[in-house]
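Encoded as structure tokens, the structure appears first; notes follow it.
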């Protein structure tokens, strides 16, 4: 398993993973979760995630732990009994609310990676993208497009860009790739766009 390559880009210490608490309907999703968890550990990155032991979340966490990595879970009190919390993590933090869960995960991470998932996964992904667009953070956001799962989402973003709801520079805030090694390498060299969130008056 290849580690992320050395470059002159900033070195990451922790990656936040967004993914499903279900396994989905294809074996490829589970395989991708396990592979990515192992890759992050092999690269020396702490894994920050939602704290569950089920679905793709649990698979990625278990793979990272098996590879000798540190895994930090963050789970809200209300979901503590529902998400079947992972008791074998390096650290499990219980927070009062979903908002505090997301904020803590974002604060702990240097880079964000998204695997297939549902509403919660998309909520987390789009919040970090919005914060990036607004300049609240300048951390790379990646999406592993396993077997084309995110093709409709990427097509939507392209359409929103075409219709001028997303500036072209900000379309590049999300780095998508079907190959995990290539995705991680691209995240290493990603740089935030210089363009401001708001378009000039004459361009609206």
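For this structure, a couple of remarks:
- Shown for 105, 98: other C-beta atoms within 10 Å of each C-beta, ranked fewest to most, produce the order 98, 105.
- Taking region 14-189 and dividing mean pair separation by its residue count, relative contact order in percent (alpha carbons under 8 Å, at least six apart): 21 percent
- Potential extension, residue 179-residue 11 segment - 0.36 nm per residue separation minus Cα distance: 58.4 nm
- Listing 86, 99, 163, 137 from fewest to most neighbouring C-beta atoms within 10 Å gives 163, 99, 137, 86.
- Debye intensity ratio in log₁₀ form over the Cα atoms of region 14-189, taken at each q of 0.08, 0.12, 0.15 Å⁻¹: -0.22, -0.50, -0.80
- FRET efficiency, 1/(1 + (r/R0)^6) with R0 35 Å, evaluated for residue 169 and residue 87 via beta carbons: 0.20
- 113, 84, 71, 94 arranged by Cβ crowding within 10 Å, fewest neighbours leading: 94, 84, 71, 113
- DSSP-defined antiparallel bridges as percent of all bridges, the chain, nearest 5: 5 percent
- Compactness index (Cα Rg / 2.2 N^0.38 Å), region 61-122: 1.14
Bear in mind that the values in this text are calculations on the coordinates, not laboratory data. Because the structure is predicted, anything quoted here is derived from the model rather than measured. Please note: Cβ atoms are built from the backbone with ideal geometry, for glycine as well, and neighbour counts cover all protein chains shown.
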